[in-house]
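Below: the structure, in structure tokens.
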Amino acid sequence: MIRKENSQVNTGLAWRQLYTRLEQDGLLPQETTGKTAKPPVSSAARWAAAAGILLCISIATAVFLQDKYRDNHAGLLTLHNEEGAVTLVKTLEDGSIVYLADNTRLQYPEHFAREKREVILNGNALFDVTGNKERPFMIETELIRIEVTGTAFNIQSAGRILFELTVERGEVKVTYKKNGESLRVKEGETVTLSNNRLRVEQTGKDKRVTGIERIRFKDETLGNILRVINKNESGLRLQTTPSLENRQLTATFNNEAPETIAGLICAAFNLQWRKENNVLLIFEP
């Protein structure tokens with residue numbers, strides 16, 4: 001027998017206040033196939049810290065390069081997170097997850113090449129790359145090429161810092177494109193670009209990767225959204241049926257309980273949810 005959990009009882013006043021806000025802003029569609037909602041997420045601040053390998057990277061990149069990249073890489077899809085916006089999350093074809101900071105542009109192919117996975121970044125982003133030693137993941141910027149096989153790392157643009165990369169765990173290859181100099185940066189090390197040379201030093205505490213407070217999905221599938229939320233969640237997990245995984249929505253998530261997320265997703269799509277042990281299952285009534 002299917003039992004529907006009462007999401008309003010489980011989430012209380014916070015849920016009702018959030019739902020009222022979304023309804024007033026016109027962010028909850030009326031049809032079950034609607035694409036827009038704005039629910040919160042739990043434990044977003046732990047995602048970066050729990051990733052397998054973390055790197056902090058700072059790259060100074062001029063704005064005019066956005067047009068240059070677009071002209072030289074016809075056929076790539078472009079995802080742009082506007083200035084002042086919260087972190088925008090995108091799941092790529094191979095399952096790799098990209099967290100784009102504001103004023104950041106990512107260019108990527110709809111389908112990766114057989115021998116490599118390559119993207120172009122202008123701005124700040126956290127990458128959680130799906131492991132594949134046969135198809136390295138490469139990030140092109142104005143000055144630096146970054147190559148990994150499966151890792152998570154943070155790239156940040158800062159006008160006063162030409163280039164900086166910090167490895168929390170694991171190893172990554174960094175190449176200075178101007179002269180071909182390459183280094184493999186290991187756990188606990190930071191590499192910077194100074195006077196046309198890559199320099200490595202021990203990582204200071206102020207360079208450690210911090211968590212993401214708020215994230216946003218744009219026209220992302222429900223299956224990918226739940227995968228991102230669950231990736232490093234040690235408590236309740238969100239799950240849906242295969243028939244619902246390809247439904248799309250736009251959603252902003254805050255640091256709220258999983259029951260709140262389930263309730264708002266159900267409100268957006270006219271669905272139901274129930275708790276099964278440590279899983280919150282979202283399904284069609």
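Data for the structure
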| item | result |
| --- | --- |
| Complete set of residues in segment 175-188 that are modelled with pLDDT of 90 or more and not in a loop (DSSP other than H, G, I, E, B) | 175, 176, 182, 183, 184 |
| Selection count, segment 91-134, where residues are hydroxyl-bearing (Ser, Thr, Tyr) and not in a strand (DSSP E or B) | 2 |
| Checklist (1) surrounded by 16 or more Cβ atoms within 10 Å (Cβ to Cβ); (2) modelled with pLDDT of 50 or more applied to residue 84, failing item | (1) |
| Test for residue 255: is it at pLDDT below 90, touching a helix residue (DSSP H, G or I) at 6+ places or on another chain (Cβ under 7 Å), farther than 30 Å from residue 163 by Cα and not hydrophobic (A, V, I, L, M, F, W, C) | yes |
| Members of segment 136-171 that are closer than 27 Å to residue 114 by Cβ, modelled with pLDDT under 90 and surrounded by 22 or more Cβ atoms within 10 Å (Cβ to Cβ) | 148, 151, 152, 153, 155 |
| Test set (1) surrounded by fewer than 19 Cβ atoms within 10 Å (Cβ to Cβ); (2) closer than 19 Å to residue 276 by Cα; (3) under 15 Å from the mean Cα position of the chain (by Cα); (4) in contact (Cβ under 8 Å) with a residue 24 or more places away in the chain - residue 229 fails condition number | (1) |
| Filter result for residue 216 (modelled with pLDDT of 85 or more, surrounded by 16 or more Cβ atoms within 10 Å (Cβ to Cβ) and within 22 Å of residue 275 (Cβ to Cβ)) | no |
| Qualifying residue in segment 189-212 (condition: among the basic types (Lys, Arg), over 30 Å from residue 245 (Cα atoms), at pLDDT below 90 and touching a Ser or Thr at 6+ places or on another chain (Cβ under 7 Å)) | yes |
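The values are calculated or read from the model by the stated rules, or taken from the named source; none is laboratory data. These numbers come from a predicted model, not from an experiment. Because the Cβ atoms are built from the backbone with ideal geometry, glycine has one as well, and the counts that use them run over all protein chains shown.
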